[in-house]
Each structure stands twice: as structure tokens, then as C-alpha cells.
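The values are calculated or read from the model by the stated rules, or taken from the named source; none is laboratory data. What you are looking at is a predicted structure, and each value in this text was computed from that prediction instead of being measured. We place every Cβ from the backbone using ideal geometry, glycine too, and count neighbours over all the protein chains shown. In case anyone asks, the SASA skips ligands and DNA or RNA and just uses the protein heavy atoms, side chains included. Shrake-Rupley method; radii C 1.70, N 1.55, O 1.52, S 1.80 Å.
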Amino acid sequence: MKLSRRGFLQVAGIAGTAAAGLGASTARASFHTSLDAKGENENAMLVDTTLCAGCRGCEAACAEANGLPAPASDEAVKGARRETAPEVFTVVNAFGPIGHDGDDRFAKRQCMHCLEPACASVCMVRALDKTPTGPVVYHGERCLGCRYCMVACPFEVPKYQYDKLAPLVRKCTFCPSRQAEGKKPACASVCPTGALTFGKRRALIELAKGRIYRNPEKYLHHVYGEHEAGGTDWLYISDVPFEQLGMKAVRDEPYPDKVQGALSAPPFVMTLWPPLLMGLYAFSKRRDALNGNHHEPGGAAAEAKKEDRHG
Amino acid sequence: MASTALTAPARSDWFREKILLGMDLRTYLRSLATPLNALAAVLIGLGFTVLVYRFAAGLASATNLSQAQPWGLWIGFDMMSGIVLAAGGFTLGSAVHLFGMHEYHPIVRPAILTAFLGYVLAVVGLMADLGKPWNFFNMMLTPGSTSALFEVACCVLMYTTVLLLEFLVPVFEWLGWRKVHARLEQAMLALTVLSVVFSTMHQSALGSLFLIAPAKLHPLWYSPYIFIFFFISAICAGISMVIVEGSLTHRIFQHRITGAHADMNKLQLGLGKAGAIVLFAYFFLKLQGVAEGEHWDLLLTGWGAWFLLETVGFVLVPSLLYGYGARYKRVKFVRAGAVLTVIGIVLNRLNVSVIAYNWDKPTHYVPSWMEVSVSIGLVTLGVVAFRWIANRMPIMSEDPNFAGSEF
């Protein structure tokens, strides 16, 4: 048993070191990085759906800026509810007639760039990353293609290139390189009606609420994205319920928080299980000893051999 | 030259004894030509061919995965179910080596071998499903430690290593390597502790994976405590798989069981008693999950019927079968309970990861025949590998030359 215990200590020591590292890192489950908690200074976008005329100029500009195929013609998409796709980062769908004026309403869809993105929190190689200025960016060279980001995203945004041999996750990038040059994202730069306003998140929330307060009869008193999924950098205001624009009712709390409780368990398991199990082992051994059984590794036979050697 | 001439016959003898089961090559090959072997060869060959095709043509051409259904059969069955059905390794290992239930010692080795094969095949299934598996090493370069999947991957990697080391004990007995065998035996206690630590973490973390998708998983299956459900049901699966596999192997490998002959019926009745308790606890937990979310009304829907089929038909019923069988010493009831539990746990893993995921979408995922053939091929490969190993190595009973070995 002496040798056995040394073996135990050796292996347990190695494993303990590894386990402690894992525990320390998994314990850091919160997704607040260097950015301020409410993301007020992040770059953001306000979509005023009452101003959108459905010209789909943003779709074309997005395709051009990201080197994607040009969007289908108006005729081809009429009446169809389209989703974003690996080669389509944004779509503007028509809903209606649903307005008080008996007209259509239009809703642009793209990545919401959450303040605490579920996709980035579940990526096991950090291929998705929240940048301090706002965009949730994707590093294809890190990605191993587990598609957990697609499972996690409450807005169903990340799309996968199933048809490629080295497939990538694809979604709206929020044009970080244009932002770095001080330019608006491609979609906002071409919007002719002012439906898309690019700016700091704090300023845009004030702008959105200002519009609502000045036209309380017109707008719903809700800025979609202010609290959804813990807050997003894309904000929407509307005069029809958001569900009618195909937008999901998403919970307010940050999604990464949902996993925190479970993810904080490993350090406890790793520190509590071994002593508890060893205690049970000691207990069962003592019971065996009281019962007169020998069930140690190499017990009776080893004992006999020792006797022989001495003899 | 002289030395090779001397050792050559010895080597071929070794090969003949250890690999060919004492037959010469021709007799051995002829002995392989059975209808069941032919079937196994076809199934494995088909699965392997599809795997090659999947990597040559991409996921889209081999699977029915979609933007709405990113995880299909390979995750839901090969990985999620493969790992939970391999839980017998740590369940039985800890019962015997830590809790002193020595009467179960004769069935620890088959349980550990099953677990080891199960994990290896689960990893193969996962690799087939990953879009860019060659980027796996990035887990070390840029670790995403906030991910439950990261925890799963790390623990599965470490636990598979632990299982490999535990499996090496019979391998070393087979090879007659006494020195390393003795060294390994010294570490077995620690390995058993580690197997419980890692299993606790990754079996429950497989459930934690879905904590992030509250709106996508059907409310009857989503629970903030899903990771506890997964851990408890893993123990149910472990116990039940040991019974199912014990019944099969004990019959098939009768000729390999020499020396310490285990009273399989008695062991299975004992396992049934444990199974009854753990399964009932699991059933109660599932009920608690419904109560906690106040989802009673959902039980009256179609999804509710499906949920009741899983929790009553494959949790409560087997728990009662176990209890009845153990109480009245009717081993057939215990075995029936074990089969139902195994089906039920696989059903649960498929429900959580595939069937009840995105349940409100208009179109539903149905696996392609190619996905199915890979899964069947992997299971067949596991069975064949088990048989190959159990026919040669001291799995069903210890090597008498290593008598007194506790592990």
C-alpha cells in the first residue's frame, strides 16, 4: 500500500496541476472584458423601421463591401421571407400591409453585435471575439467548425458554409475596418432615408427615446436591443410590434450568465471530490480489515511473496 | 543474421499465440469467414467509405444539417450518447475500487474496456462532425475557457487518457510485461479518483451545453438544472449498460471466463437494486424540472406525450422493473429494465440535442442515410474491437499469472 500511495500522489500531483489550471480558467465565465459594463461607448446602429423604404441599397452596399455576390433582384425576393446566409450578411424583408397607414413595413436583419455575445462566450477556441469598440469579429483561422455559436445565438445569426471543404462561420462583421478609418459601416453609408443612424450607443439610445417621446402615438415605447440579450449594439424602433417584423422576443439577461452557475462547478468538483472519494476508500478499507478481508492491490499474493523473500 | 534466425520462430510463435489465437494463419482466416463477420465488414466498410466521402465532398453532401439544425446525429448519437453509454467505466470502477464493493470486481474490466472504446469512437464521431477538425489544437493556443464545450473537450481528453491507462492493465498482462504492469497498478487508485472527477465534470457539462439555448430547446427538456440531470442519468446509463453488456458478453465469452467465476445473476440483481434507486431519483428530478418551470400544461401537448414516453416509459417503468426484479430475485426483470434504460437515455440525449432542439421550426431535421451509416459503422467497429480484445486479453477474468491483482 505504501507504493500505491506514492503512485497516487504522483499522478494526483500532475493531474491536480492540470486541473487547477482548467478550473482557474473556466471560473472566469463572466464576459465583461475591458469594455464598460453597459457598452455605452461602443459604436452602435439605430434602425428606425418607420423610415425604411425597403430600397435594399444596404444589401447591395454590404455585398460589395464584403465581396459577396450581389443580392437578388427585387422581383425575385418579393413576398419572400428571407434569412441571412453564408453569402448574405443582411436582408431587408417586407411585412405587411401592417402599418396604420395600410402600408408595408421593412425590417433589416443582420448580426446584432451583443454587448455580451452568446456566440463568443461558447466558442472553445475564441474564434468569435467581442472587440472593445463594438463589433463581434470572427477569426476563421482559429475556428474548428463545432457550430456551437449557431446553437447559442438567440438571434440565429451565425450561418455555416456546409458546402465548403474548409467551412467558415459567416455573419455581418459591422465593417470594423471601415469603422477604424472613421467611416460608417457600408449599409449606413448608402441609406437614403435616414433609417440607419451610426454612432455611440449612449447617443443612439437617447436619439431613439427622443423620437419616441416626441411621437408617443406613433412609436412603440420600446427600443429593441437596449436590454435584449443583455443589450446589443444594433437598436431598433418601430410603430408596429417587433414580432410582426419577424424579430424574436429575446430575454433581457445576458445569455453567457445562464452558464455561469454550471461553469463555476469544476473547481469545487476538483477540490472536493478527491478527498471525499479517498475518505470513502479509507472507510471501505477499514471495513474490509474489520471483516478480515484483504482486498489491497497485490494483497495476499504480494504478502506471500514478501514472506518468501524473507524466508 | 544468426540472431534473427534464432528469434524469428519465437516471434512467429508469439504472433500465433497472441494474435491468431493459436491457429495458423490460414485456419485463422478461415475461422473469420462467418455470416456475422461479413455483415460487420459491410457495415464498417460502408461507414468508413461515407467518412472518406464526407471529408472529400463536405458536410453538405453527406449530412442533412442546416442553418437551423447545426447539430445532428453525429453529435446527438455518436458523441452525446456514445459518452453517456460509456459511463459504466467510472460508475463501476468507483464502486469497486473506492467504495469497496469487491463482489463486482469480475465485471470492472469489461466495463472499462467498453468505456474506453466508447470514448474513442465518440471522438471519431466528433471529428467527422467538425468542419475543420485539424484546428483542434487551437484549444490550447486560444482556449475559450468560458465555453461549456471547452470543459467537455478537456475532460473527455483527460478521461480518455485515464481510461487508456486503466485498459493497459489487461494489455500488459496479455503481453506479460510485469514491470510496467506493477507500476500501473500503483497508480490505479489515483486513476479511479480522476475518472470520477473528470466524469462528473464532462457528463454534467454535456448538459450545460444547452443552458445557453433557453428559447431553442423545448421547455420540457430545458432546465437550469440540466447539468445535474445529465450527471444522474449518466450513472443510470452506466449501471444499465454494465447489465446489458454483462448479459451479452457472459454468454458470448463463456469460454474466456475461467477461474473466479462470477455469479452473473447475483451481480445483476445487486446492480438492479442500485439502478432502481438512481433511476427513481432521476425520475423525481425530471418531475422536479417540470414543477420548477410550471410546465404541467405542456404535458398535454404532443411534445408532452413524447416527454412522458421518455420519462415514464423509459425512466419510471425501468426503475420499477429494477425494483421488482431486485426485490423478488427475478433477473429477467432487471435485464429488461436495463435495456429500457439504455434506450431511454439515448432517447433523452437525442431529444435534448436534436429532436426537441428548435422544436418550433416549420421544417425538421431527419438524418441522411450517410449519417446513419457512419453511426452504425462506428457502433459495429466498437463491438468488433471489443470482441477482438476480449478474445485475447484478460478482460472477462484476470490472467492467472497475475493473480492477486486488485484492478
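Averaged over the residues of A:124-133, the number of partner chain Cβ atoms lying within 10 Å of the residue Cβ comes to 5. Translational diffusion of the stretch B:352-400, estimated by Stokes-Einstein from the Kirkwood radius over alpha carbon pairs at 4 °C in a medium of 1.567 mPa s, is 91 µm² per second.
Counting only other chain Cβ atoms within 10 Å of each residue's Cβ, the peptide B:157-169 averages 1.
A compact globular protein would have a Cα radius of gyration near 2.2 N^0.38 Å; the ratio found for the stretch A:59-169 is 1.21.
For the stretch B:36-391, lysine pairs with C-alpha atoms less than 13 angstrom apart, excluding pairs fewer than eight positions apart on the same chain, total 4. Membrane-span-like helices of chain B, defined as complete DSSP H segments with a Cα extent of 20 Å or more along the helix axis and a mean Kyte hydropathy of at least 1.6, are identified as B:35-57, B:108-129, B:148-175, B:226-252.
Each Cα pair of the stretch B:307-403 feeds into the Kirkwood radius, which the Stokes-Einstein equation turns, at 10 °C and 1.306 mPa s, into a diffusion coefficient of 94 µm²/s. Across the stretch A:120-130, rounded Karplus estimates of 3J(HN,Hα) from the backbone phi angles (6.51 cos²θ - 1.76 cosθ + 1.60, θ = phi - 60°) give 5, 5, 9, 6, 7, 10, 6, 6, 9, 9, 8 Hz, Gly and Pro being marked x. Hydrodynamic radius of the protein assembly as shown by the Kirkwood approach over all distinct alpha-carbon pairs: 28.3 Å.
Shape summary of the stretch A:143-242, radius of gyration then Dmax from alpha carbon positions: 16.8, 53 Å.
Sorted largest first by accessible area at a 1.4 angstrom probe radius, with every protein chain in place, the residues B:Arg330, B:Arg392 fall in the order B:Arg330, B:Arg392. For B:Leu217, nonlocal amide neighbours, meaning residues 5 or more places apart or on other chains whose placed amide H falls under 5 Å from its own, are B:Asn358.
Electrostatic tally near B:Leu20: other residues with Cβ closer than 11 Å to its Cβ, Lys and Arg +1, Asp and Glu -1, net +1. Normalised radius of gyration (Cα atoms, divided by 2.2 N^0.38 Å) for the stretch A:198-247: 1.09.
In this structure, the amide hydrogen of A:Cys114, modeled 1.01 Å from its nitrogen in the peptide plane, lies closer than 5 angstrom to those of A:Asp233, counting only residues at least 5 positions away or on a different chain.
Taking every alpha-carbon pair under 8 Å whose residues sit at least 6 apart, chain B reaches a relative contact order of 28 percent.
In the stretch B:1-151, one over the average inverse separation of all distinct C-alpha pairs is 19.9 Å, which is the Kirkwood hydrodynamic radius. Report P(r) for the stretch B:36-391: all Cα-Cα distances, bin width 10 Å, range 0 to the bin holding the largest distance, values in whole percent. Values per bin, smallest distances first: 5, 24, 33, 26, 10, 1, 0.
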